[in-house]
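The values are calculated or read from the model by the stated rules, or taken from the named source; none is laboratory data. What you see is a predicted model; the values in this text were computed from it and never measured. As a convention, Cβ positions derive from the backbone with ideal geometry for all residues, glycine included, and neighbour counts pool all protein chains shown.
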Amino acid sequence: MRESRIRLAGLLVVLFTACDTGSYSGPALRSEVRDSAGVTIVENARPATGSRLDWRVGAAPAVSIGRREGDEAYQLYGVDDATRLSDGRIVVANAGTSELRVFSGDGGHLDSWGGVGEGPGEFAQFDPEAVSAWPGDSIAGASWWRGQVVIFDADGNHGRNATLGGARFSLLGLMPGGEILAKPGLPVGMQFGAGGSTLKRQDAEFAIVMPTGEIHASLGTRAGDEWFFSATSPSARPHPFGRSVLATVWGPLAVVTANDRYEIRAWDRDGNLAKIVRREHELRAPTQGELDAWLADSWADRSEEDQERLRGLAAGMTLVEFYPAFAALLSDPRGYLWVREYRFPEQVENIWTVFDADGRVQGFVETPRDAEVFEIGEDYILGGMTDALGVERVHLWPLDRAAG
């Protein structure tokens, strides 16, 4: 069915083309902006296929970090995030060794901060889960297991820890005023299978937290990741096609939104709903054949014995009602919001819809296949990839916004 439509009659329709947005010079992109009780609502038509922005991501990375052999500092494991600092250094959250690894702008290893432990500047095992630039040229690593942000100065000296609301909060982004967009971790003791159901969505709570750790504003709870429960196993796992709740900082706003439909909700620092952005989207229901093929492909490299075990665990897996409407959210320094299209089983491209700071759709941009994008800068995209041998790498691709 059609999730959202642009209603033209009696409404303000904004037409804009490549000459004033830098976007694809094809059919005009359509947006309608209105106010509803102080909330800005933006309705967007879906850009026509081929409506690509005249921005280009380099075919090859300009910087590549990660090796299979040699110096251990370049052997990455459990990379959850990375960021590029204003001086060009790249800091990698290498959770496998509980370190922040610091590399020069050309990819040379400079230093490693942290390590497993309970001392100053140390992380719990399998942390840090995120890394971010911090006010005053500092760098913060997020320690989910302890619900803390561990802050270092520009030279790697430990400054202090901030405890996020007294719980296992994840750091999702830093707002312009220094507040933290955060989410608590998955609670222990989830109950699955109630009423015979094999699917459950665990509620996720979000908050804006002060740098000192106090919760400034609650953003409430949302229906979180969609999990599958197997009657033959005491454990549960995310559904391969499951929906979730996504979050990022977009200029002065905190975006927290479920991807059940193409609707993006953004909140101000005080927890007030400020903006709703919608884009026309056709929801698609998965088929049993698509699920079976996805599972078989994901197990293809396993032994026959292991595949048989996994088939047993997946037996009776329920189909979700619809595929997610989108898969990821990021913003960039110019105030654009990038929304990655959900990649259906038959697709290989990573396509993003780009919205301007007002929430008006601009067109599509393609990023490297199989890259998990961590950060979008003024002239670069920073992301991680794992090759067929399991070697993890962090790449920095050039982004040319004046291409074409």
Quiz item: If you go through region 115-153, how many residues are free of Cβ contacts under 8 Å to residues at least 24 places away in the same chain, surrounded by fewer than 18 Cβ atoms within 10 Å (Cβ to Cβ) and of a type in the set (G, A, S)?
Solution: 5
Quiz prompt | Selection count where residues are farther than 26 Å from L110 by Cβ, at pLDDT below 90 and not hydrophobic (A, V, I, L, M, F, W, C), scope region 147-176 | solution = 6
Quiz prompt | Flag for D225 being in contact (Cβ under 8 Å) with a residue 24 or more places away in the chain and in contact with a Pro (Cβ under 7 Å, 6 or more places away or on another chain) | solution = yes
Quiz item: All but one of (1) over 20 Å from D400 (Cα atoms); (2) modelled with pLDDT of 95 or more hold for V348; which doesn't?
Solution: (2)
Quiz item: Which ones in region 266-302 are part of a loop (DSSP other than H, G, I, E, B) and of a type in the set (S, T, N, Q)?
Solution: N272, T287
Exercise. Name the residue, out of R369, R340, that is under 17 Å from the mean Cα position of the chain (by Cα), farther than 30 Å from V33 by Cβ and basic (K, R).
Key: R369
Quiz prompt | Top-ranked residue of region 372-404 - restricted to ones that are within 16 Å of the chain's Cα centre (by Cα) and among the charged types (D, E, K, R), ranked as surrounded by the most Cβ atoms within 10 Å (Cβ to Cβ) | solution = E375
Quiz item: Which residues, taken from region 346-366, are assigned to a strand (DSSP E or B), buried (at least 20 other Cβ atoms within 10 Å of the Cβ) and touching a residue at least 40 places away in the same chain (Cβ under 8 Å)?
Solution: T353, V354, F355, V361, Q362, G363, F364, V365
Self-check item: Pick from region 266-291, criterion surrounded by 13 or more Cβ atoms within 10 Å (Cβ to Cβ) and among the β-branched types (V, I, T), ranking: farthest from Y323 (Cα to Cα)
Solution: I276
Exercise. Would you point out the residue of region 303-332, among those that are part of a loop (DSSP other than H, G, I, E, B) and within 16 Å of the chain's Cα centre (by Cα), that is surrounded by the fewest Cβ atoms within 10 Å (Cβ to Cβ)?
Key: D332
Quiz item: In region 42-56, how many are touching a Phe, Trp or Tyr at 6+ places or on another chain (Cβ under 9 Å) and at pLDDT 95 or above?
Solution: 2
